[in-house]
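A.B. asks: Dropping a structure here in structure tokens format, bear with me for questions.
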Amino acid sequence: MKNKSTMTKRTVDVCMMLLLLCLMSYQVTGEQGHEWIGISMTFLAIIHQALNRRWYGTIGKGKYNAYRLVTLINNILLLMSFAATAFCGMSMSTYAVPFLYGMARLSTVRITHLSMSHWAFVFMGLHIGLHVPIMTARMKLSEKERTIVSAAMCAMAGIGLFLFLRNGMLEYMFFQVAFAFLDYEKPGAMVFAENGLMLLFWVFIGMQVAGLCLRLHGKEERKKASVFTMAALLIGIAMNMVFPSHGSQEFMNDDWSSSQGSIVDQADAGTLEDSVSVAYRDAEVNDGFILVNGGTYMMGSPETENWRIDDETQHEVTISAFYMDSHETTQKEYERLMGRNPSVFQGENLPVESITWLDAIQFANAKSIDAGLTPAYTITPEGIEWDMSANGYRLPTEAEWEYACRAGTTTPFHTERSMDATEANFYGHYPYEIEENYFNDSVLEARPGQYRERPVDVGSFAPNGWGLYDCHGNVNEWCWDYYGEYAMEDKINPTGPSIGTRHIYRGGGWNDFAKNMRSAYRAAGQADMASYNLGVRLARNAGTDRNGIIVARETQPANQSYGKTLIAYFSWGGNTRGIAQEIQRQTGADLFEIIPIDPYSRDYNTVLMEAQEDQHRQARPQLSEHIDDMDGYDTVMLGYPNWWASIPMPIASFLEEYDFTGKRIIPFCSHGGGRFGQSLTAIAKLAPEADIGKGLSVHYSGGSALVDDISAWLEANGIEKAE
């Protein structure tokens, strides 16, 4: 009977280990298979506890030696992590136990499930390893055989540690990412083999700990065990240094480009009817710029493109040949010419950011002078004059930028399919079209991936078909044009409106959702706007077919006294309300809450869908309260939560209800990681005659730093504090 019970236990244990490897192979099993395997694992875990129920009765009895204490701690941690994994998994289930879906907030259980499952994986490996010496105590091996076995396990454990680090497991364990970054192109056998080796590393560590605690070996054998343990650690660490981790914040395309192939080589040279672009150098100026041959294309987006905006009206445009920098301007190059580096994220090869449109204009002139070329711009009291015939460096026009970014494609991205975090640096948790598929991302063409939360070195990803890097993501890029409706009659080398209050920037940044880095997406900001995700990529003429002088004249009205101030805000969960109340405490300004007549659901999962649906159809919810005398306010401090990388639609209703001409709008928002997203662009477009002040983004409720952060922000905007 005892042998039968032992055999049952061993069978259950082996099945649990196999299921564990399957659970860690999500890209092989798929979502539905993953859920059912998880349910099976939970069922076996319950059986395992029942078969070993006597162990619970011994916890408070007898003496504890080192081995028993270590085993007890590991078992408790394993049970806790496994229980948390199972609970979170069931709370997200859409196949196995859908009636349990939504037991807890999805955003919380998703990242908790990811973390706890990896902790359970580690504790399971240690659990197995702690029991191996006892289970194999009766095996009689010679010293030579023991050495060979130990050496083999050492080598495999070292590789397992390398894979553990390379696959970013530590980031998952410590809540650094909310989605698993998985290689869906990897063969299934390879996935299982890697998971087996990673598990083996922790089994190996558990065996060494058990050997030390039980003192199973003599002095010489303990020395050998220590040597093998150190060797395994050194193998894993050394391999990880040679082959950088996929989970690193400084993810580089060197790790995967060999399997992806060269986009340049695969480019369809006949995509455009009138043009073929090739990457070759200018014989006169050796600056690495790419020659973009002229041609005709459809600028904007078709009405069928998902998440398009009304200002993307599609129309035919013809572009003359020009040169464009293959990379975004680096901080090293900007600082060399301008003598300063305004970037928030510092690094020589990182793109320069936090520069204004005027900064970009001045940089272009400085680069022209440095290269012995004729500067394209002259700064006058009337505005910025662009000599279109000059051979110096300049900002690309909006039409040139989109033409170069598309590289002959007509799809939302130059990859001709949805981009994921291995192809661009953006808010990788939110690939294209996730908004309406948030609770079933398995249907997406690009799956959620890594969010690096900062710019990366220019050229870290494969270029588009014409040799241009980072057209999508990393940092947005200033263009020459003022923002406005497309002039349909201006079909040849359009340069946008001659007057305006906002300048175009394109491409999306490291904190943008994929929908906002589409080739046709138009962002806009006033000329003095500087942001941590906004940089520049220069262009220059390739011929003599451009002539004339264009003057960019700002029509922004001069700011007045900025006397009476209003704090207007929309809040759903209370974070923005708390920020607004603290602003009022420090300023004494009037407080107004923006409340829709039909309130959003109080259920988090439901409001996620309601918010994206309103944004998708650009709804304008009716508001329940109104301001009788908006003319009496000079400054409006406008607060909101960052919803789906933009403003909630009640904010749009508020901005369209009143005339903000000559007023100053100072934004503040609460966010969960995306900072302002593209909400500043949305405000700039909806209130084009207002001056936009320096914004404040607050992570959730702001914590203990909120009071000081608001104080510094008010000072930066020249807002007087209450006495």
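The values are calculated or read from the model by the stated rules, or taken from the named source; none is laboratory data. None of the values given here were measured: they were computed from a predicted structure. Don't worry about glycine lacking a Cβ; one is built from the backbone with ideal geometry, like all the others, and counts go over all protein chains shown. For the accessible areas, the whole protein counts, side chains as well, though only heavy atoms, and no ligand, DNA or RNA atoms are used. Shrake-Rupley method; radii C 1.70, N 1.55, O 1.52, S 1.80 Å.
A.B. asks: Taking 8 Å as the Cα distance limit and 6 or more residues as the minimum spacing, I'd like the relative contact order of the chain as a percentage. Don't skip to the answer; put the middle values down first.
C.D. replies: On the way: 1369 pairs, mean separation 71.8, N = 723.
This gives 10 percent for the chain.
A.B. asks: Residue separation times 0.36 nm, minus the C-alpha to C-alpha distance between Lys564 and Met298: what's the value?
C.D. replies: Values: separation 266, 0.36 × 266 = 95.76 nm, distance 4.70 nm.
Stretched fully, the Lys564-Met298 segment lengthens by 91.1 nm.
A.B. asks: Let's test the formula: R0 of 35 Å, r as the Cβ-Cβ distance of Met190 and Phe99. What FRET efficiency results, to the nearest 0.05?
C.D. replies: Working: r = 36 Å, r/R0 = 1.03.
For Met190 and Phe99, the calculated efficiency is 0.45.
A.B. asks: I've got another one for you. For Asp490 and Glu335, what does the FRET efficiency come to when R0 = 41 Å and r is the distance between their Cβ atoms, rounded to the nearest 0.05?
C.D. replies: On the way: r = 37 Å, r/R0 = 0.90.
Here the calculated transfer efficiency is 0.65.
A.B. asks: Evaluate E = 1/(1 + (r/R0)^6) for Tyr56 and Arg617, where r is the Cβ-Cβ distance and R0 equals 56 Å; express this FRET efficiency to the nearest 0.05. Let's see the in-between values first.
C.D. replies: On the way: r = 56 Å, r/R0 = 1.01.
With R0 = 56 Å, the Cβ-Cβ based efficiency is 0.50.
A.B. asks: At 20 °C and 1.002 mPa s, grab the translational diffusion coefficient of segment 678-718 from Stokes-Einstein with a Kirkwood Rh over Cα pairs, rounded to a whole number in µm² per second. Show your work: numbers first, answer last.
C.D. replies: On the way: Rh = 11.7 Å.
The calculation lands on 182 µm²/s.
A.B. asks: At a threshold of 8 angstrom on Cα-Cα distance, excluding pairs fewer than six apart, so keeping six or more, what relative contact order does segment 428-467 reach in percent?
C.D. replies: Details: 24 pairs, mean separation 15.6, N = 40.
Computed value for segment 428-467: 39 percent relative contact order.
A.B. asks: Let me ask another. Only bridges whose two residues both fall in the chain count here: according to DSSP, what percent of them are antiparallel, nearest 5? Show your work: numbers first, answer last.
C.D. replies: On the way: 30 of 58 bridges.
Taking every DSSP beta bridge with both residues in the chain, the antiparallel ones total about 50 percent.
A.B. asks: Given Cβ point charges of +1 (Lys, Arg) and -1 (Asp, Glu) and nothing else, what value in debye, to the nearest 20, does the dipole of the chain about its Cα centre take?
C.D. replies: Using only the charged Cβ atoms, the result is roughly 5880 debye.
A.B. asks: Using θ = phi - 60° and the Karplus relation 6.51 cos²θ - 1.76 cosθ + 1.60, list the HN-Hα couplings for segment 588-602 in order, rounded to whole Hz, with x at every Gly or Pro.
C.D. replies: Here the 3J(HN,Hα) series is x, 6, 5, 10, 9, 9, 7, 10, x, 4, 9, x, 6, 4, 7 Hz.
A.B. asks: In whole percent, and with a 1.4 Å probe on the protein chains, what portion of the accessible area of the chain is carbon and sulfur?
C.D. replies: Details: 17860 of 31990 Å².
Solvent-exposed carbon and sulfur of the chain make up 56 percent of the total.
A.B. asks: What do you get for trypsin sites (Lys or Arg not before Pro) in segment 291-369 restricted to DSSP loop and a cutoff of at most 16 other Cβ within 10 Å of the site's Cβ? Don't skip to the end; give the middle numbers.
C.D. replies: On the way: sites: Arg308, Lys332, Arg336, Arg340, Lys367; in loops: Arg308, Arg340.
Loop-located and lightly packed - Arg340.
A.B. asks: Hey, got a sec? Which chymotrypsin sites (Phe, Trp or Tyr not before Pro) in segment 286-355 land in a DSSP loop and have at most 10 other Cβ atoms within 10 Å?
C.D. replies: On the way: sites: Phe289, Tyr297, Trp307, Phe322, Tyr323, Tyr334, Phe345; in loops: Phe289, Trp307, Phe345.
Loop-located and lightly packed - none at all.
A.B. asks: According to the Kirkwood expression over distinct Cα-Cα pairs, how big is the hydrodynamic radius of segment 1-93, in Å? All intermediate terms of the calculation are to be shown ahead of the outcome.
C.D. replies: Working: mean 1/r = 0.0670 Å⁻¹.
It works out to 14.9 Å.
A.B. asks: What lysines does Lys186 reach when the alpha-carbon gap must be under 30 Å and sequence neighbours fewer than 8 apart in one chain are set aside?
C.D. replies: Here the lysines satisfying the reach criterion relative to Lys186 are Lys515.
A.B. asks: Under a point-charge model restricted to the Cβ atoms of Lys and Arg (+1) and Asp and Glu (-1), what is the dipole moment magnitude of segment 436-564 relative to its Cα centre, in debye to the nearest 20?
C.D. replies: Numbers: 14 positive and 15 negative charges, 39 e Å.
The dipole of segment 436-564 has a size of about 180 debye.
A.B. asks: Looking at the chain, which Cys residues are left with no other cysteine's beta carbon under 4.7 Å from theirs?
C.D. replies: Cys with no partner Cβ under 4.7 Å: Cys15, Cys22, Cys88, Cys154, Cys213, Cys479, Cys669.
A.B. asks: Out of segment 596-659, which GluC sites (Glu not before Pro) are coil in DSSP terms and have no more than 13 other C-beta atoms within 10 Å? Mind showing how you got there, number by number?
C.D. replies: On the way: sites: Glu610, Glu613, Glu625, Glu656, Glu657; in loops: Glu625.
Here the GluC sites (Glu not before Pro) that fit, given the DSSP loop and packing criteria, are Glu625.
A.B. asks: Give me the one-decimal nm value for the distance between modelled label points at Asn65 and Val14, 7 Å along each residue's Cα-to-Cβ direction.
C.D. replies: 2.9 nm
A.B. asks: To continue, here is another question. Note the listed values (1) 45, 32, 23; (2) 54, 32, 23; (3) 41, 32, 23, then indicate which one is semi-axes √(5λ) of the Cα gyration tensor in Å calculated from this particular structure.
C.D. replies: It is the one labelled (2).
A.B. asks: Could you report the chain's accessible area per residue, 1.4 Å probe, as an integer in Å²? Before the final figure, lay out the partial values.
C.D. replies: Working: 31990 Å² over 723 residues.
Ligands and nucleic acids excluded, the figure is 44 Å² per residue.
A.B. asks: If the cut-off is a Cα-Cα distance under 21 Å, which lysines reach Lys223, setting aside same-chain residues fewer than 8 apart in sequence?
C.D. replies: Lys140, Lys144
A.B. asks: Subtracting the Cα-Cα distance from 0.36 nm times the residue separation, let me have the gained length for Ser226 to Asn440 in nm, one decimal.
C.D. replies: On the way: separation 214, 0.36 × 214 = 77.04 nm, distance 4.74 nm.
Length difference between fully extended and current span is 72.3 nm.
A.B. asks: Going Cα to Cα from Lys721, which aspartates and glutamates come in below 17 Å? Please leave out same-chain ones fewer than 8 positions away.
C.D. replies: Glu582, Asp590, Asp634, Asp708, Asp709
A.B. asks: A follow-up question, please. On average, how much area does the Cα convex hull of segment 604-699 cover when viewed from any direction, in nm²?
C.D. replies: Details: hull surface 24.9 nm².
With every direction weighted equally, the projected area is 6.2 nm².
A.B. asks: Mind checking the full-extension length gain between Phe243 and Asp311? Use 0.36 nm per residue of separation minus the Cα-Cα distance, one decimal, nm. Present the calculation step by step, with values, prior to reporting the outcome.
C.D. replies: Details: separation 68, 0.36 × 68 = 24.48 nm, distance 4.49 nm.
That pair, Phe243 and Asp311, stretches by 20.0 nm at full extension.
A.B. asks: Something else: Between Ile499 and Met388, what is the label-point separation in nm under the 7 Å Cα-to-beta-carbon projection?
C.D. replies: Distance between label points: 2.0 nm.
A.B. asks: If I model a spin label at Gln346 and Phe174 as a point 7 Å from the Cα along the Cα→Cβ vector, what separation in nanometres do I get?
C.D. replies: With each label placed 7 Å out from Cα toward Cβ, I get 2.3 nm.
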